[in-house]
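Below you'll find the structure, written out as structure tokens, and then a few comments.
Since every read-out is calculated from the coordinates, none of them should be taken as a lab result. None of these values were measured; they are calculated from a predicted model. Positions of Cβ are backbone-derived with ideal geometry, glycine not excepted, and every protein chain shown enters the neighbour counts.
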Ligand code: IPM
Ligand code: MN
């Protein structure tokens, strides 16, 4: 057989447990590449806390220019206990999302068969929806500052930016996804339009206008506080959720625990016209670093999303199947760090083996 396509993959293992989970994820991706006849041309980057502590550099602009020539980026985790919060997050993770205009943060919420959920009487048939989080605007834009800092008259501002262009492209993506999923054909716009009346109005108006092109999709609106309750009580109501950057960040941690925990929750930072980046939604978990105890499934699932985006659909589906098999046939005792009954690397090898043979 001739060699299939070659994809240029930038790999950023990052901090803490990042290198371990990325190594497990790469083993699975390589197994998929071998079986489905494509090549992964990887370039590793050491951006993260250690490099910052040594050199003072987070992510130089030249790296962004290099990233633009890649097909995709595979990221482990960013965050270091010796670095003040915000420096690495803003300087690396958010910089990549913003500079590469990865305007969609796609976070599937899916309970795999055989996985424990804290939700009583709910199973995989109830927990299966996707959160489309706007990923380049909102309170994350970094506009704001201090006035009279350190005095009793201090003022701190943090602007929440919502542009018509940014909202519309995100809403459009969400409508498309609801159509493609072909499930409940429902898009729920999650906001706080009863208090944030300006941004809420922009989001709702945009949804209603775009819906004119998606008459087959039902459009719902829900307040973010009530949404948190329904995600616990009636997760089966949701199909596709679209929301702003901050609400999306918060509700997807809640969503992650309903699908069994951060050990399985994957996400994609997507620029449909450019370079996208895939990562587990959990952080660097510094206390588990180097112990081979963290669950790599979120990272492996992120790898599947990455292959799907590259157009390697069959390979992506096979990884998903391999994850399902691993979780439903009792190979792993728990998704919690240290309680899996197997090591990070061993889970990677097991799933890679299934990808080759399933
Ligand atoms: C996430 C994380 C990031 C975010 C942090 C690390 C900046 O919590 O990907 O959800 O807030 O987006
Ligand atoms: Mn988060």
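Percent relative contact order of region 117-259, based on C-alpha pairs within less than 8 angstrom and at least six residues apart?
Working: 227 pairs, mean separation 53.9, N = 143.
The normalised contact order for region 117-259 reaches 38 percent.
For each of 191, 253, 71, count neighbouring Cβ atoms within 10 Å of the residue's Cβ, then give the residues from fewest to most.
Sorted ascending by nearby Cβ count, the order is 253, 71, 191.
Of all beta bridges DSSP finds with both residues in region 117-259, what is the antiparallel percent, to the nearest 5?
Numbers: 5 of 19 bridges.
The answer is about 25 percent antiparallel.
Alpha carbon centre of region 170-216 versus region 264-287: separation in Å?
Here the two parts' Cα centres lie 23 Å apart.
Which of these, 173, 74, 44, has the largest mean-square fluctuation under a Gaussian network model of the chain (Cα springs below 10 Å)?
For the chain, modelled as a Gaussian network with Cα springs under 10 Å, the answer is 44.
If I stretch the segment between residue 254 and residue 349 completely, what's the gain in nm (0.36 nm per residue apart, minus their alpha carbon distance), one decimal? Please list the in-between numbers first.
Numbers: separation 95, 0.36 × 95 = 34.20 nm, distance 2.94 nm.
Between residue 254 and residue 349, full extension yields an extra 31.3 nm.
Quick check on the chain: helices-only [θ] at 222 nm, where DSSP H runs of length 4 and up contribute -39,500 (n - 2.57) each and the sum goes over total residues. Nearest 500, please.
Details: 11 runs with 139 residues, N = 358.
Calculated mean residue ellipticity at 222 nm is -12000 deg cm²/dmol.
For the chain, what is the percent of antiparallel DSSP beta bridges, rounded to the nearest 5? Kindly include the intermediate steps, with their values, before the conclusion.
Numbers: 19 of 47 bridges.
So the antiparallel bridges amount to about 40 percent of the total.
Need one number: the % of Cα-Cα pairs in region 117-259 sitting beyond the 26 Å mark.
Working: 2926 of 10153 pairs.
Percent of Cα pairs beyond 26 Å in region 117-259: 29.
Limiting things to C-alpha atoms, what are the Rg and the maximum Cα-Cα separation (Dmax) for region 312-354, in angstroms?
Using the Cα atoms of region 312-354, the pair Rg, Dmax is 10.9, 33 Å.
What ranking of 126, 282, 80 emerges when the number of other C-beta atoms within 10 Å of each C-beta is taken as an exposure proxy, fewest first?
Details: 126 17, 282 26, 80 21.
So the residues, fewest neighbours to most, are 126, 80, 282.
For 188, 243, what's the fewest-to-most ordering of other Cβ within 10 Å of each Cβ? Numbers along the way, then the final one.
Working: 188 24, 243 28.
Fewest to most other Cβ atoms nearby, the residues stand as 188, 243.
Below 8 Å, C-alpha to C-alpha, sequence gap of six or more: please give me the relative contact order for the chain in percent. Please report the intermediate quantities before stating the final value.
Working: 747 pairs, mean separation 86.0, N = 358.
Dividing the mean separation by the residue count of the chain yields 24 percent.
Considering Cα pairs under 8 angstrom that are at least six residues apart, work out the relative contact order of region 1-111 and quote it in whole percent.
Numbers: 147 pairs, mean separation 39.4, N = 111.
Across region 1-111, relative contact order equals 36 percent.
Which three numbers, in whole Å and largest first, are the semi-axes of the equivalent ellipsoid of the chain derived from its Cα gyration tensor as √(5λ)?
Equivalent ellipsoid semi-axes, largest first: 30, 26, 21 Å.
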